[in-house]
Amino acid sequence: MKTGFYPRLAWQGIAKNGRLYVPYIFTCVGMVAMRYIIRFLSLDPDVYALQGGNLLCYMLQLGAGVIALFALLFLFYTHSFLIRRRKMEFGLYNVLGMGKLDLGRILFWETLFIALIALGGGFALGMLLSKLAELGLINILQGGVNYRLTVSPKAMAETAVFFAVTFLLLFLDTLRQVFSTSAANLLQSEHSGEKPPKGNWLLGLTGVVILGIAYYIAVSITNPVTALIAFFGAVALVIIATYLIMIAGSVVFCRLLQENKAYYYKPDHFVSVASMTYRMKRNGAGLASICILATMVLVMMSLTTSLYAGGEDTLLRRYPREMGLTVTMNSAADLDDTNGDALRGAVLGAAAQSGAAVQNEYFLRNVTVAGLLENGVVETDVRALDELTPAIYNNVLQFCFIPLADYNRATGNSETLADGEAMTYAYHYTFSGDSLSFRGGRSFKVKKQLEPFYADGYAAMDIMPTLMVVVPDLAAAVEGLDRLANFNGDPMLTYFWYLGFDTGLSAAEQDAVSAAVVDRVAELNRAGTFGLKTTMVECREQERQDFLSLNGGLFFLGIFLSIVFLFATVLIIYYKQISEGYEDQARFAIMRKVGMTRRAIRKSINSQMLTVFLLPLALAALHLAFAFPIVEKLMRAFNFDNTGLFALVTLGCLGVFTLFYTAVYRLTSNVYYGIVSGARAGED
């Protein structure tokens, strides 16, 4: 054969099937560009130079890995649509005398052409958009920008190698399908319909049961630690259940529609329901994939947008004062009034010498211990805690003993307590008991449930629920518990001393105050006067950029990954319409011959949208509703505790996605209509 015969035949095959290949090629170009951009940002020295940039670059590197994995799986998924349409053509070549090796050469050139276009177009688009992405990210993080255009050879090389391997695997998989199929089967592949799966009721009910288990896990967990453990298991159950319900349950749904004679025997419904039932196994898998992708986008965007929008509120909860000093002591005796007053005076004196007008001072001592609370009894033995199951882990709390004098000083109250009495306040937990008994320690009668007052920021940061216990005497309250030790032999009690205050200074001036306090505390630590064990000085303004880098980086990554998943959703919808359009073309042709008008065809298509295509969106909204409680618990790991804001953002994301989803479907349904009716898109 002449040189160039196979490349020319391959190119003609791509061109003649442009309706299939053009969206696929655009998707490949987009995947290459996205992978390059996010890897470029993870290697960008300007991003790394930002405060908190090292953490951000690590997050972006993980994001590049997620995109790579998703691109590999998704390109295999979409490529299957192309091969299914081309098998008849390959079968015809085979019948006309071409051997399987000749078909392999055509497939090689097709894969090579698509790979070159994808890499060339992807890198060109990636380099054009990388600067825009960099400016957007730095603007989100409120950093300084420059307008120098750069290219990352390392990001380009890594992306090229990954997609070269991906296209090679696609080529080998296509060869496997063609070489293992006879010419006759290749010719008949397009017309080999899918039979509905057997045991629809059983599979559908199984999916409902699994989904119910996943939903129960999501709504029953109250402990953020347990939520972290259970989240990914619940996600796996939801994915399995969605596919079972959409594949098997949708067949049952269509059959129920067929049994409803008043609904089924109408021109608008008859053809669409009959064709959907015929191919529902594959149709259901596509709908399930759309539902899962939609849920991923909704959860990701609502979570990351809420974290970014509520960043300032979270920062203030974590750092309620501009300056904060946290000290751990060796024993409860070191937390006495003499040590406390002397330490407080030394720190505030150093701050005042640096120009701080100390105000809103907040001074608090506390002792913490972890324990399992059941029926008013707290088990603090570490061996018993090691035997916990996830079901009872919801009652594992951090108990924080606070002296009455510090509580009254911090709140301005004048409460009184007798020996053996206590007042409590539960943080991220509900406690209404009238007594507390610590095994190995003392018992208390709960005199009063308090309003929120704790303001050192650690309770907001700690994902473990906390029960504040205000006691008349701190040393007496923890008597007996101070003998507890963990598996390493270290004491289980931690003795804290916290001092927070505002300075009335600018962010730059607060840096000087922070440095002065750090130096003064270091001197006290070297002197060994107060029994200091560890010390930590925090300045809200110094921590602001780290908070912004984390929340802003997650927000940017959420936007980026959502765009990738939206690409996938659009392409699945498009190929679903294309493949089903060609399958239904002959049936609609028959219907046209017996008198069905194009307007009636359009009504039938609209009926299909209302009966089936809104199912993924409805199920995704249901997934999102049941995921809300467990995601809200997970967000406490990021110090986020604004449920109202999270709910509003979630509803907003659902509304925007619904509009996007409807617009995409309406556009792609025109393609389906054009195929089955023989009319141009938009023509009635």
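The residue that is modelled with the lowest pLDDT, counting only those in segment 54-91 that are more than 30 Å from Ile14 (Cβ to Cβ) and crowded, with 21+ Cβ neighbours inside 10 Å, is Leu56. The residues listed here are Arg35, Arg39, Arg84; of these, the one that is under 12 Å from Thr166 (Cβ atoms) and assigned to a helix (DSSP H, G or I) is Arg35. Within segment 35-46, residues that are more than 18 Å from Ile140 (Cβ to Cβ) have Cβ atoms under 9 Å from residues that are outside any helix (DSSP H, G or I) and of a type in the set (Gly, Ala, Ser) in these pairs: Tyr36/Ser152; Arg39/Ser152; Leu43/Ser152, counting only partners at least 6 apart in sequence or on another chain. Could you give every pair whose Cβ atoms fall below 6 Å, whose first residue belongs to segment 633-652 and is closer than 18 Å to Asp546 by Cβ, and whose second residue is of a type in the set (Lys, Arg), counting only separations of at least 6 or pairs across chains? That search, which allows pairs on different chains as well, returns Asn639/Arg318. If we keep just the residues of segment 284-330 that are among the acidic types (Asp, Glu) and either under 17 Å from Met536 (Cα atoms) or free of Cβ contacts under 8 Å to residues at least 12 places away in the same chain (or both), which is surrounded by the most Cβ atoms within 10 Å (Cβ to Cβ)? Result: Glu322. A single entry from Ala455, Ala384 fulfils the requirement of being within 20 Å of Tyr498 (Cα to Cα), modelled with pLDDT under 90 and not in a strand (DSSP E or B): Ala455.
Looking for something among the charged types (D, E, K, R), part of a strand (DSSP E or B) and either in contact (Cβ under 8 Å) with a residue 12 or more places away in the chain or under 20 Å from Tyr495 (Cα atoms) (or both) - is there at least one such residue anywhere in segment 331-342? Looking for residues that are among the charged types (D, E, K, R), part of a strand (DSSP E or B) and either in contact (Cβ under 8 Å) with a residue 12 or more places away in the chain or under 20 Å from Tyr495 (Cα atoms) (or both), one finds none in segment 331-342, hence no.
Please go through (1) at pLDDT 85 or above; (2) surrounded by 14 or more Cβ atoms within 10 Å (Cβ to Cβ); (3) under 30 Å from Leu41 (Cβ atoms) for Tyr215 and return the number of the only condition it doesn't satisfy. Of everything listed in (1) at pLDDT 85 or above; (2) surrounded by 14 or more Cβ atoms within 10 Å (Cβ to Cβ); (3) under 30 Å from Leu41 (Cβ atoms), Tyr215 misses just condition (3).
Is it fair to say Ala241 is of a type in the set (Gly, Ala, Ser), in a helix (DSSP H, G or I) and at pLDDT 80 or above? Break it down stepwise before answering.
Values: of a type in the set (Gly, Ala, Ser): yes; in a helix (DSSP H, G or I): yes; at pLDDT 80 or above: yes.
Judged against the criteria, Ala241 is a match.
Would segment 471-489 turn up any residue that is in a loop (DSSP other than H, G, I, E, B), in contact with a helix residue (DSSP H, G or I) (Cβ under 6 Å, 6 or more places away or on another chain), at pLDDT 90 or above and over 23 Å from Asp313 (Cα atoms)? Yes. When the criteria are applied in full, Asp313 fails the requirement of being acidic (Asp, Glu) and closer than 27 Å to Val478 by Cα.
Does any residue of segment 103-110 turn out to be modelled with pLDDT of 80 or more and either of a type in the set (D, E, K, R) or not in a helix (DSSP H, G or I) (or both)?
Taking segment 103-110 as the starting set, the residues that turn out to be modelled with pLDDT of 80 or more are 104-110.
Filter once more, keeping what is either of a type in the set (D, E, K, R) or not in a helix (DSSP H, G or I) (or both): 105, 110.
Within segment 103-110, one or more residues are modelled with pLDDT of 80 or more and either of a type in the set (D, E, K, R) or not in a helix (DSSP H, G or I) (or both).
The values are calculated or read from the model by the stated rules, or taken from the named source; none is laboratory data. Note that this is a predicted model, so its numbers are computed, not measured. In this analysis, Cβ positions are derived from the backbone assuming ideal geometry, glycine residues included, and neighbour counts consider all displayed protein chains.
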